[in-house]
Amino acid sequence: MSKHLLVAVNIQPTQPRYFVGYKDDGALCETIWTNDCWKARWFDAEDAEIEALLLSTCCPSYRVEKRQVSGAGV
């Protein structure tokens, strides 16, 4: 099964940010992003689709896309 990354492409158009996870301190939940795709969280296709929808609701100013990782999980 192929693996996917979630990418926020309009934070800085020249440098996409890859989704790592969430930081939750009980009062506030923050999304964590990285510039390095190898440090990002990898998802199966179905999970990536669901997570992208969730991120688009909590990060409305970003365009969150799922992208397949070449050769991963094959």
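Each value in this text was obtained by applying a stated rule to the coordinates, not by laboratory testing. Everything numeric in this text was worked out from a predicted model, so none of it was measured. Glycine gets a Cβ as well: all are built from the backbone with ideal geometry, and neighbour counts include every protein chain shown.
Each Lys or Arg adds one and each Asp or Glu takes one away; over the other residues whose Cβ falls under 12 Å from the Cβ of Glu30, this sums to -1. Cβ-to-Cβ counts within 10 Å put Leu6, Leu28, Leu54 in ascending order as Leu28, Leu54, Leu6, the fewest first. Relative contact order of region 3-68: 42 percent, from C-alpha pairs under 8 Å at least 6 residues apart in sequence.
The order of Cys29, Cys37, going from fewest to most other C-beta atoms within 10 Å of their C-beta, is Cys29, Cys37. Pair-distance distribution of the chain: all C-alpha pairs, bin width 10 Å, starting at 0; shares per bin in whole percent are 20, 53, 24, 3. Each Lys or Arg adds one and each Asp or Glu subtracts one; over the other residues with Cβ under 12 Å from the Cβ of Phe43, this totals -1. Annotation for Ala45 and Thr57: the two label points, set 7 Å from Cα along the Cα-Cβ direction, are 2.4 nm apart.
Starting from the Kirkwood Rh over alpha-carbon pairs, what translational D in µm² s⁻¹ does region 24-66 have by Stokes-Einstein at 25 °C and 0.890 mPa s? D = 210 µm²/s.
Averaged over residues, the count of other Cβ atoms within 10 Å places the peptides 43-49, 63-69 in the sequence 63-69, 43-49, highest first. Compared with the dominant principal axis of the Cα atoms in the chain, helix 45-58 is inclined by about 20°.
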